[in-house]
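Shown next, in structure tokens, is the structure this report addresses.
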Amino acid sequence: MASYLSGSKALFDAALLDPSFNSDGVRCRPLQSDDYDRNFMALLGQLTVVGDVSRDAWQARFREMRNAGCYYTIVFEDESTGRLVGAGTVFIESKFLRGLGRVGHIEDIVVDKECRGKRLGLRIIEQLKHLSRRAGAYKTILDCSEDNVGFYEKCGMTRKEVQMVVYADKPTPRL
Ligand SMILES: CC(C)(COP(=O)(O)OP(=O)(O)OC[C@H]1O[C@@H](n2cnc3c(N)ncnc32)[C@H](O)[C@@H]1OP(=O)(O)O)[C@@H](O)C(=O)NCCC(=O)NCCS
């Protein structure tokens, strides 16, 4: 693990963040190892199914992601209440092509129902685009539903190609 993280609760080095996205009493910071005990999972539950995850299992996944060094999950915290009001992730894929290029994949964007329509979603995406650029990605991509195309266009992204998927009948454990 990188030395800047020893003794830190953060998923990644907070110095990588663009501080200009903090405003209106809402601060952007890396996900922390104690965010299970805040409302992180309830917030993600506003996006999709989160399942029944114990604190130990959550923290093991947090450590796995931190050690991988390519996951940048951010949260927006209401400074007056400590509640998490927004979250998003960019993970960085390393490739052999394009001169050993890197691609940023944006995932799991959510803004708390009470806080939507205040440009918080826009700030999440701008911060993730910033992190992706800093990590050396030559492009940043995401999949979304038709309903959210307008939102991502407002965030400066454009429609390209299509998403395809196959689901495993029964997920197998990691090799
Ligand atoms: C999608 C979501 C993240 C947007 O967050 P938000 O904080 O409400 O959005 P913002 O206030 O930053 O919106 C920025 C701009 O996009 C527009 N916008 C927001 N959602 C939109 C949508 N679904 N379609 C079209 N435009 C949208 C806003 O009107 C605003 O436009 P403006 O700049 O002209 O005022 C939020 O609604 C959410 O968490 N939804 C549930 C989870 C989800 O669907 N996540 C995305 C998964 S791909």
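What are the residue pairs meeting all of these: first residue in segment 156-175, first residue at pLDDT 90 or above, second residue polar (S, T, N, Q), Cβ atoms under 9 Å, and 6 or more apart or on different chains?
Every condition considered, the pairs that remain are M157/T140.
Does R66 satisfy the criteria of being part of a helix (DSSP H, G or I) and buried (at least 19 other Cβ atoms within 10 Å of the Cβ)? I'd like the intermediate steps shown before the answer.
On the way: part of a helix (DSSP H, G or I): yes; buried (at least 19 other Cβ atoms within 10 Å of the Cβ): yes.
Considered against the rule, which asks whether it is part of a helix (DSSP H, G or I) and buried (at least 19 other Cβ atoms within 10 Å of the Cβ), R66 comes out as yes.
List the number of the failed condition for G104; all other conditions in (1) buried (at least 20 other Cβ atoms within 10 Å of the Cβ); (2) without any contact (Cβ under 8 Å) to a residue 40 or more places away in the chain; (3) within 14 Å of the ligand (Cβ to nearest atom); (4) not basic (K, R) hold.
(3)
Pick from segment 121-144 the residues that are surrounded by fewer than 20 Cβ atoms within 10 Å (Cβ to Cβ) and near the ligand (Cβ under 6 Å from one of its atoms): which of them is nearest to V85 (Cα to Cα)?
L122
Which of the residues that make up segment 5-23 are among the acidic types (D, E) and touching a Ser or Thr at 6+ places or on another chain (Cβ under 9 Å)?
none
In this structure, is K113 over 20 Å from T158 (Cα atoms), within 16 Å of the ligand (Cβ to nearest atom) and loosely packed, with under 12 Cβ neighbours inside 10 Å?
Yes; evaluated as a whole, the condition is true for this residue.
The values are calculated or read from the model by the stated rules, or taken from the named source; none is laboratory data. Computed from a predicted structure; not experimentally measured. Every residue, glycine among them, receives a Cβ derived from its backbone with ideal geometry; neighbour counts consider all protein chains shown.
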